[in-house]
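Take a look at the structure below.
What follows draws every value from the coordinates through simple rules; no lab data is involved. In this text, all values refer to a predicted model and were calculated from it rather than measured experimentally. Cβ: placed from backbone, ideal geometry, glycine included. Neighbour counts: every protein chain shown.
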Amino acid sequence: MPKYISQHTLACLTRQGAEGLAARLLQADTVKTVRVMVNMMEAKMLAEFEAENREILDQWLAKNRFHSDWILRIEYE
């Protein structure tokens, strides 16, 4: 299944808020969240997903109100 990495800007989020956000991402059903990484100092989050295609990931993020700065499909590891 294709992998994607997305970057998200976080606004005024506490560590507990970031943990809750990560938990919401990890409970995804339509896409699989592989991992979530957060930088509290720069208010940025990276998330790694597996999804059938980019459109499905975009739809899932929009449905769950996750705005992304960018999304990158991983073609080689």
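Computed 3J(HN,Hα) for region 45-56, one whole-Hz value per residue from the Karplus formula 6.51 cos²θ - 1.76 cosθ + 1.60 where θ = phi - 60°, is 9, 10, 10, 10, 10, 10, 8, 4, 7, 5, 4, 5, glycine and proline marked x.
In debye, nearest 20: dipole of the chain around its Cα centre with unit charges on the Cβ of K, R (+) and D, E (-)? In debye, rounded to 20, the chain gives about 240.
Extension gain for Ile56 to Gln27 (0.36 nm times residue separation, less C-alpha to C-alpha distance): 8.8 nm.
Would you kindly state how much longer the chain becomes between His67 and Ala11 on full extension, computed as 0.36 nm times their sequence separation minus their alpha carbon distance, in nm to one decimal? This chain segment gains 19.0 nm when fully extended.
A straight Cα-to-Cα reach below 17 Å connects Lys32 with the lysines Lys3, Lys63, residues fewer than 8 places away in its own chain not being considered. Couplings 3J(HN,Hα) for region 60-66, derived from phi with the Karplus relation 6.51 cos²θ - 1.76 cosθ + 1.60 (θ = phi - 60°), are 5, 4, 5, 4, 9, 6, 9 Hz, where x marks Gly and Pro. Helical content of the chain, expressed as a calculated mean residue ellipticity at 222 nm, amounts to -8500 deg cm²/dmol (DSSP H runs of 4 or more residues, -39,500 (n - 2.57) each, divided by residue number, nearest 500). Charge tally for Met45 (other residues, Cβ to Cβ under 13 Å; Lys, Arg +1; Asp, Glu -1): 0. Under 5 Å between amide hydrogens, built in the peptide plane, is the criterion, and for Ala43 it picks out nothing among residues at least 5 positions away or on other chains. Ordering 41-50, 28-37 by mean Cβ neighbour count within 10 Å, with the highest value first, yields 41-50, 28-37.
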